[in-house]
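J.: Sending over a structure as C-alpha cells; questions will come in a sec.
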Amino acid sequence: MDTLEQLNFDNSFARLPDAFHTRLNPTPLPDPYLVSFNADAAALLDLSAEQAGRPDFVEYFIGNRLLPGSEPLAMLYSGHQFGYYVPQLGDGRAILLGEVKNRAGESWDLQLKGAGQTPYSRNADGRAVLRSSIREYLCSEAMHGLGVPSTRALCIVGSDEEVYRERIETAAVVTRMAPSHVRFGSFQVFYYRKQHEHLAMLADYVIARHFPHLHGLADRHARFFQEVLTRTAQLMAHWQAVGFAHGVMNTDNMSILGLTFDYGPFGFMESYDPAFICNHSDTEGRYAFHQQPNIGLWNVAALAQALTPLIAEQELNDMLNGYHAIYRTHFIMLMRQKLGLVRAQEDDLELVRGLLEMMRVGGLDYSNLFRSLSDFNAGADQRNEALRDQFVDREAFDAWAARYRARLHEEGSSDAERKLRMDSVNPKYVLRNHLAQAAISKAEQRDFSEVDHLLQLLRAPCTERPGMDSYASPAPEGTPHIAVSCSS
Ligand code: AMP
Ligand code: MG
C-alpha cells in the first residue's frame, strides 16, 4: 500500500486543450480537521489507510497543499437546468486534482468539492458546507453498497470558516472519486459553441479511456451513444427499484458513465408516493420520483442533440426510441429480484404494479415493506397476518397474495431459499434524511462518530445488525421536516 507521495497520477484530462478546463489551485481554508475517512475508497487508490493519521493528511484534502503529481483544474461544461439551457456552468466549486492509476490498471479522478472559487463560480462562494458534504459522502457510499453505479468518496475535511447559506454554517471539502467526471454538459458546451472539433476530441477521449472496445471503430460515436443511453436507462431503473430520488437531474449532473452523480437534495423514498419530490426548490415537481425515467430520456435526448455533428440524426432517433424498452427490461429484472422470483413471466410487471399501488394507498414504507415481504409464507392456508396488517385494503392484499402465491408455486419456489435471496437485495438500512441529519448535528458539534457509524452500516445495507433496528425505521413522530435544496 502506498503513501500520499506515492500516488500514481496520470492526468489525461489536463493534457486536453485549454478550451476544456482552467488550471488553478484550490483556495486554502484555515485549521482543517478530519471528519471522516473511507478506507474502502482509499484501497481503490492503493492508498494505505494509515495515511489518514498523518498530521498533514487534512492539508492535502482541503486543498492547502498539493499532492505531488496532481495538476489541479476546473472542468468546463454547460447544461440544461430545469429544462433551460445555461451556456456556461463548469466546476464552480470543485477542483479536479488529477487521475490516480492503481495497480489493477483502473484510473480514479480525485476531485475536491468545495475547494474555492473558479472562473465558473459566477457569483457563488466556491464552498460546500459540512452538512451537504456529509450527505454526499454517505449517500454515494450507500448507493455503492446497494449495487447502484455511483461516484465514490474518499474523505471529508472540515474547517471552521463560516459559509453563508440560509443560516451560517461551516465549510468542508469532500474528496470525490470517479473514473471520470465528464458529464452530458461537457459535450453540450462544445456543441452550442459550435466547436465541433473539440466535441469530436472529447468523444474520442472518453471512448479511448472508458469504452476502449469501441476505440478506432468507424461507427464508434453511435455505439458510444448507445452505451451511454443504455447505462442511463439502467441507472434510472436502479433508482426506481431502490426508491432513490436524485432531486437535480440537470444535464450537468448526468455522468457520461451512467453513475449516480452530484448528490445534493436527494432523498430515499420512505412512505411510498410516486409523486415524491425531494428537492425543496423543485416547486413544479420536474424531478419528482416517478418522472425520473422520462427525465433520463429527456437528458439523453439533449446529449443526442449535442452529438448531431458526429452521428446521423435518424440513427440517434432510432436509438432514443429504444430507451423505454431498455429501462423496462432492467426495471422488471430488478423488481423480480426484489420479489424473489427467478423466472421471467409476461405479467410480472402487473404483479409489481399491483403491490406498488397497494403501497401507495397505504403510504407504506418503501424499503421496509420489501424487506418484510421475504417473510411471506406461500403455504396454501397461510394468511400472512403480519404482512397483511400493514395494508389498508386487506382484501386487495389477499387478492394480490393469491397471485403471488400462485406465481411462486409455478416456479417451484422454496420459502427459505427465497427469503435468503430477497434479504440479500432488499436493504434493511437506507440513508433516511433523519439518519443523515442526526450524524450532521453531531458532526457540527465536532463528534464525527455517527458519520463513521452510518458509513459502516450503509456499506452492507442488507446485513442485519443486532440492536440496530431503530436505523431501519422511518423518522419518529414529531421529527421536524428536513428541507433540502440545490447547491448547499
Ligand atoms: P449543482 O446544482 O450543485 O450541480 O451546481 C450547478 C452549478 O453551480 C455548477 O456549475 C456548480 O459548480 C455551481 N455551484 C453550485 N454551488 C456553488 C458554490 N457554492 N460556489 C460556486 N459554484 C457553485
Ligand atoms: Mg452539479
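Computed from the coordinates by the stated procedures, all read-outs in this text should not be read as laboratory data. Model, not experiment: these values are computed from the prediction. Backbone-built Cβ (ideal geometry, glycine too); neighbour counts: all protein chains shown.
J.: Around Ser36, which amide H atoms from residues at least 5 apart in sequence, or from another chain, sit under 5 Å from its own amide H, with H modelled in the peptide plane?
T.: Here Ile156 satisfy the definition.
J.: Among Ala124, Gly467, Ser180, pick out the residue whose Cα is farthest towards the positive end of the charge dipole of the chain, where Lys and Arg carry +1 and Asp and Glu carry -1 on C-beta, about the Cα centre.
T.: Checking the options against the dipole of the chain, the answer is Ser180.
J.: A further question follows. Can you tell me the dipole magnitude for segment 343-412 around its Cα centre, using point charges on the Cβ only (Lys, Arg +1; Asp, Glu -1), in Debye to the nearest 20? Please list the in-between numbers first.
T.: Numbers: 10 positive and 15 negative charges, 25 e Å.
Using only the charged Cβ atoms, the result is roughly 120 debye.
J.: So, by mean Cβ neighbours within 10 angstrom, what's the order for 453-459, 324-330 with the highest one leading? Write out the running numbers ahead of the final one.
T.: Working: 453-459: 18.4, 324-330: 16.1.
Descending packing order for the listed peptides: 453-459, 324-330.
J.: Counting only helical runs of four or more DSSP H residues, what would the 222 nm mean residue ellipticity of the chain come to if each run contributes -39,500 (n - 2.57) and the total is spread over all its residues?
T.: Values: 17 runs with 195 residues, N = 488.
That comes out to -12000 deg cm²/dmol.
J.: Shifting gears a bit: Hey, what did segment 1-78 get for relative contact order, percent, Cα under 8 Å, at least 6 apart? Each step should come with its number before you reach the end.
T.: Values: 75 pairs, mean separation 41.2, N = 78.
The normalised contact order for segment 1-78 reaches 53 percent.
J.: How long is the gain from Phe82 to Thr329 if the chain were fully straight, where each residue apart is worth 0.36 nm and the alpha carbon distance is subtracted?
T.: Numbers: separation 247, 0.36 × 247 = 88.92 nm, distance 2.76 nm.
Result for the pair: 86.2 nm of gain on full extension.
J.: Under the Kirkwood approximation applied to all pairs of distinct alpha-carbon atoms, what is the hydrodynamic radius of segment 13-165 in Å?
T.: Values: mean 1/r = 0.0608 Å⁻¹.
For segment 13-165, inverting the mean 1/r across all distinct Cα pairs yields 16.5 Å.
J.: Additional query: Could you tell me which residue out of Ala401, Leu217, His280 lies farthest along the dipole of the chain toward its positive end? Charges go on the beta carbon: Lys and Arg +1, Asp and Glu -1, centred on the Cα centre.
T.: Final value for the positive-end residue is Leu217.
J.: Find how much the distance from Leu67 to Leu349 grows on full extension, using 0.36 nm per residue of separation minus their present alpha carbon separation; answer in nm with one decimal.
T.: Numbers: separation 282, 0.36 × 282 = 101.52 nm, distance 5.09 nm.
Gain on stretching Leu67 to Leu349: 96.4 nm.
J.: With each pseudo-label sitting 7 Å past Cα toward Cβ, what's the Val361-Ala312 distance in nm, one decimal?
T.: 5.1
J.: Can you check what the net charge comes to around Ser255, using other residues whose Cβ is under 13 Å from the Cβ of Ser255 (Lys, Arg +1; Asp, Glu -1)?
T.: Values: positive: Arg152, Arg176, Arg183, Arg231; negative: Asp109, Glu227, Asp252, Asp262.
Counting the neighbours of Ser255, the net charge comes to 0.
J.: Turning to a different aspect of this structure: Give the lysines reachable from Lys428 as a straight Cα distance under 16 Å; neighbours fewer than 8 places away on the same chain don't count.
T.: Answer for Lys428, where 16 Å is the Cα cut-off: Lys338, Lys419, listed by chain and number.
J.: Rank by packing, highest mean first: peptides 168-176, 382-390, 298-306, with packing defined as the count of other Cβ atoms within 10 Å averaged across residues.
T.: Details: 168-176: 23.7, 382-390: 14.0, 298-306: 20.6.
Those peptides, ordered most packed to least, come out 168-176, 298-306, 382-390.
J.: Work out from phi, with θ = phi - 60° and the Karplus expression 6.51 cos²θ - 1.76 cosθ + 1.60, the ³J(HN,Hα) of each residue of segment 181-188, listed in order in whole Hz, and give x for Gly and Pro.
T.: Taking θ as phi minus 60°, the curve returns 9, 5, 10, 3, x, 5, 7, 4 Hz for segment 181-188.
J.: With N residues in the chain, what two-decimal value do you get for its Cα radius of gyration over 2.2 N^0.38 Å?
T.: Details: Rg = 23.1 Å, N = 488, 2.2 N^0.38 = 23.1 Å.
After normalising by residue count via 2.2 N^0.38 Å, the value is 1.00.
J.: Along the positive direction of the dipole of segment 255-338 (beta-carbon charges: Lys, Arg +1; Asp, Glu -1; about the Cα centre), which of His330, Leu297, Gly267 reaches farthest?
T.: His330
J.: If r is the Cβ-Cβ distance from Arg465 to Ser441 and R0 is 30 Å, what FRET efficiency results, to the nearest 0.05?
T.: Details: r = 22 Å, r/R0 = 0.73.
Computed FRET efficiency for Arg465 and Ser441: 0.85.
J.: If you take the C-alpha gyration tensor of segment 343-412, multiply each eigenvalue by 5 and take the square root, what semi-axes do you get, largest first, in whole Å? Don't jump to the answer; show the numbers that get you there.
T.: Values: eigenvalues 68, 43, 25 Å².
Working from the Cα gyration tensor, I get semi-axes of 18, 15, 11 Å.
J.: So what's segment 192-273 giving for Rg/Rh, alpha carbon basis, Kirkwood Rh from the mean inverse pair distance? Mind showing how you got there, number by number?
T.: On the way: Rg = 15.7 Å, Rh = 14.6 Å.
Computed over Cα atoms, the ratio is 1.07.
J.: Here is a further query. How large is the dipole of the chain about the Cα centre if only Lys and Arg carry +1 and Asp and Glu carry -1, each at its Cβ, rounded to the nearest 20 debye?
T.: Numbers: 46 positive and 61 negative charges, 98 e Å.
Charge dipole of the chain: 480 debye, to the nearest 20.
J.: Can you compute the modelled spin-label distance between Ala200 and Arg383, with each label point 7 Å from Cα toward Cβ, in nm?
T.: 7.3
J.: OK, next. Pop out the ³J(HN,Hα) list for segment 111-126 in order, Karplus 6.51 cos²θ - 1.76 cosθ + 1.60 with θ = phi - 60°, rounded to Hz; leave Gly and Pro as x.
T.: 10, 8, 9, x, 8, x, 5, 9, x, 9, 6, 6, 9, 8, 8, x
J.: May I ask you to evaluate 6.51 cos²θ - 1.76 cosθ + 1.60, the Karplus curve with θ = phi - 60°, for each residue of segment 42-57 and list the ³J(HN,Hα) values in order in whole Hz, giving x for glycine and proline?
T.: 4, 4, 5, 9, 6, 8, 5, 5, 5, 4, 5, x, 5, x, 8, 3
J.: Here's another thing I want to ask about it. Given Cβ point charges of +1 (Lys, Arg) and -1 (Asp, Glu) and nothing else, what value in debye, to the nearest 20, does the dipole of segment 285-429 about its Cα centre take?
T.: Around 360 debye, computed over segment 285-429.
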